[in-house]
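Student: Submitted below is the structure of interest, expressed as structure tokens.
The values are calculated or read from the model by the stated rules, or taken from the named source; none is laboratory data. As the structure is a prediction and not an experimental result, all values here were calculated from the model. Note: ideal-geometry Cβ built from the backbone for every residue, glycine included; neighbour counts use all protein chains shown. When the accessible area is computed, the model is the full protein with side chains, heavy atoms only, and any ligands, DNA or RNA have been set aside. Shrake-Rupley method; radii C 1.70, N 1.55, O 1.52, S 1.80 Å.
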Amino acid sequence: MSRIGYKEVVLPAGVEVKKDGDKITVKGPKGELTREFSDKISFEIKDNVVKFDRSADDNKTKALHGTSRANFHNMVVGVTEGFKKELELRGVGYRAQMKGKTLVLNVGYSHPVEFESTDEIKLEAPSATSVVVSGISKEKVGDLAARIRLTRAPEPYKGKGIRYVGEYVRRKEGKTGK
């Protein structure tokens, strides 16, 4: 049984929801998001409260029920508050800087690694060792932050690399350990 799927989503003031077949568009103060949902999941809007229901009780539909509700909730949070991921660079000579709308990372390769900022996703480098990825789509913000982290993932011996702020990297002892 999906407990998440049965939770109601309360729409904050200033958020509009439109349904066009299986496509749902959520419009708010920060922007507009559109997503296509399964036809097995139905939803109804009453007094700024959105309820989700499923058509069958098989396992796949139960999983879709909770996932659809969570994706819709993320859309509502995205257009009202937005999402943000913070990364930090650790290592000698590891630097991040903005050149226009491009994030340039110097992380130990023979060439700098570049990432483009788009209309949906905003990249910032508040200091030389930190990067902030923000936007209204949780999926796109998380994906870009993961791709940035993957350019030089933290290694377990010295702890060098790009990591999320607050991420714990388990350290290994190395050859000289007894």
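Student: What's the total number of residues in region 58-93 that are within 28 Å of residue 17 (Cα to Cα), basic (Lys, Arg), in contact (Cβ under 8 Å) with a residue 24 or more places away in the chain and surrounded by fewer than 18 Cβ atoms within 10 Å (Cβ to Cβ)?
Tutor: 2
Student: Being of a type in the set (S, T, N, Q) and assigned to a strand (DSSP E or B), is that true of even one residue in region 75-95? Please lay out each step first, then the result.
Tutor: Quick first cut of region 75-95, residues of a type in the set (S, T, N, Q) only: 80.
With assigned to a strand (DSSP E or B) added as a condition, the list becomes none.
So far as region 75-95 goes, no, none of its residues is of a type in the set (S, T, N, Q) and assigned to a strand (DSSP E or B).
Student: Filter region 17-57 down to residues that are loosely packed, with under 12 Cβ neighbours inside 10 Å and at positive phi and give me whichever is modelled with the highest pLDDT.
Tutor: Step by step, filter region 17-57, then rank; the result is 47.
Student: Applying the selection to region 15-42, what residues are over 15 Å from residue 75 (Cα atoms) and part of a strand (DSSP E or B)?
Tutor: 20, 41, 42
Student: With the requirement that a residue be in contact with a Ser or Thr (Cβ under 9 Å, 6 or more places away or on another chain), open to solvent by 30 Å² or more (accessible area, probe 1.4 Å) and of a type outside the set (D, E, K, R), what does region 94-135 give you?
Tutor: 98, 100, 109
Student: Based on what the data block shows, is residue 14 loosely packed, with under 12 Cβ neighbours inside 10 Å, in contact (Cβ under 8 Å) with a residue 24 or more places away in the chain and closer than 25 Å to residue 135 by Cβ?
Tutor: On the way: loosely packed, with under 12 Cβ neighbours inside 10 Å: yes; in contact (Cβ under 8 Å) with a residue 24 or more places away in the chain: yes; closer than 25 Å to residue 135 by Cβ: yes.
Criteria met by residue 14.
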